[in-house]
Amino acid sequence: MRDKTKLIHGYHAFDDETGASSIPIYQCSTFKQASIKDGQAYTYSRFGNPTRTALEEAVAVLENGKYATAFASGMGAISAVLLSFNQGDHLVMCKSIYGGTFQLVNEVMNRFGIEVTFVDETKLEEWEHAIRPNTRGLYLETPSNPLLSVTDIAGVAAIAKEHHLVTMIDNTFMTPQFQKPLALGVDVVIHSATKFINGHSDVVAGLVVTNDEDWHNQIKLQQKVLGGILGVEDCWLTMRGLKTMGLRMEQSARSAEKISHMLENHPVVQKVHYPGLPSHPGYEVHKRQAISGGAVLSFELASQEAVYTFADALQIPIAAVSLGGVESILSYPVTMSHACVPKEERDKQGVTEGLLRLSVGIEDTEDLIADLEQALAKVQIAVK
Ligand SMILES: Cc1ncc(COP(=O)(O)O)c(C=O)c1O
């Protein structure tokens, strides 16, 4: 079964009991037990709920994984994974990373005595050199938020295997549709399902997928005792969104590629970051490990003033935090996704005051390009 068929038929998508065309929302906190003597499959919704199980099974199937767990947010999923480590453990992570993950590491995990070294994710030798006797895992995000920096997934996973370390990846930008990290040797895959998996900017959700039974048991425990479960209505909405993920991703990625070429040739755009562009430094690596450049790109204008002129002139994309919706979304990392990262660190990562991120929605490509061009023309006039 290919992926777009899998999205509709590859998992438990219909209700066995009634034949209903979607899994019911089991709106309950507890389950009447047949007897107080024995347990049963479902006893309490924090421990498990059939609607949540249906979503978890679906995402496991799409990632070609055995197990998945659903959380109340992408950060809930990331926290469950990263807080599985112990005091005194050390992790190596990519430097270009989502701001919330950076904050979790620097403001929470450090309090538990878990140390992290950030490396230039594009250089395999930096991953290797950062490994210490107490290193337990390598964590990557590729393409990264917001600079679309590309890491060689199989390369990092091979280093991890050699040193008996776990490899974790945030696969939010690519989705299981475009990139399947488990097949490349990764052990634990994380998603902010808030983005493309749900795809309609109406749910906040997170997922963890793995083939490793020990890791799954650990993540299940975190889900149960930290309690950050995804509510049943959000599970249902995410399953509904998931069914059209293939179509949405294809349309958005097609537009993103055309937009990236237009931006690259525009005189007021200083730099475009899109892994589907041959000029992207990670283009060849990305082409090996993913089937598309994806639907997110970022680009640099000359100054904050140019950014404001451009954003004020834009008509179609909404200016918002987040990405991965059916509507195009323009974000300004400096005041949004990376506002929680100190300026000095942002500068180190390359998140400059001229940087904008665009998540391309499913609108007509021609309309998006025309809108971006008219807004860039306003910047051009302002510069003159
Ligand atoms: C790459 C990436 N990972 C994780 C997250 C966090 O997800 P959530 O907002 O669902 O907690 C985000 C949010 O923007 C993200 O872009």
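The values are calculated or read from the model by the stated rules, or taken from the named source; none is laboratory data. As the structure is a prediction and not an experimental result, all values here were calculated from the model. Positions of Cβ are backbone-derived with ideal geometry, glycine not excepted, and every protein chain shown enters the neighbour counts. Heads up: the accessible areas ignore ligands, DNA and RNA and are worked out on the full protein's heavy atoms, side chains in. Shrake-Rupley method; radii C 1.70, N 1.55, O 1.52, S 1.80 Å.
Numerical summary
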quantity	calculated
Within segment 324-350, tally of residues that are modelled with pLDDT of 85 or more, of a type in the set (Val, Ile, Thr) and in a loop (DSSP other than H, G, I, E, B)	3
Segment 82-113, subset hydroxyl-bearing (Ser, Thr, Tyr) and either outside any helix (DSSP H, G or I) or not assigned by TED's automatic domain parsing to the domain that holds Leu207 (or both), residue nearest to the ligand (Cβ to nearest atom)	Tyr98
Residue tally, condition within 16 Å of the ligand (Cβ to nearest atom) and either outside the structural domain of Val156 (by TED's automatic domain parsing) or outside any loop (DSSP other than H, G, I, E, B) (or both), over segment 57-81	13
Selection count where residues are touching a residue at least 60 places away in the same chain (Cβ under 8 Å), of a type outside the set (Lys, Arg) and under 28 Å from Thr244 (Cα atoms), scope segment 199-233	20
Meets criteria (within 15 Å of the ligand (Cβ to nearest atom), closer than 23 Å to Ser79 by Cβ, open to solvent by less than 10 Å² (accessible area, probe 1.4 Å) and not polar (S, T, N, Q)) for Ala160	no
Qualifying residue in segment 212-230 (condition: within 13 Å of the ligand (Cβ to nearest atom), assigned to a loop (DSSP other than H, G, I, E, B) and either surrounded by fewer than 24 Cβ atoms within 10 Å (Cβ to Cβ) or polar (S, T, N, Q) (or both))	yes
Test result for Leu242, open to solvent by less than 10 Å² (accessible area, probe 1.4 Å), within 15 Å of Phe196 (Cα to Cα) and either in the same structural domain as Thr151 (by TED's automatic domain parsing) or assigned to a helix (DSSP H, G or I) (or both)	yes
Failed item in (1) outside the structural domain of Glu125 (by TED's automatic domain parsing); (2) open to solvent by 30 Å² or more (accessible area, probe 1.4 Å), with Ile259 passing the rest	(2)
Qualifying position, being within 14 Å of the ligand (Cβ to nearest atom) and open to solvent by 30 Å² or more (accessible area, probe 1.4 Å), among Ser144, Ser149, Ser201	Ser201
Ala183 being closer than 12 Å to Val92 by Cα, away from the ligand (no atom under 14 Å from the Cβ) and part of a helix (DSSP H, G or I)	no
Test result for Thr167, away from the ligand (no atom under 14 Å from the Cβ), crowded, with 20+ Cβ neighbours inside 10 Å and not in a helix (DSSP H, G or I)	yes
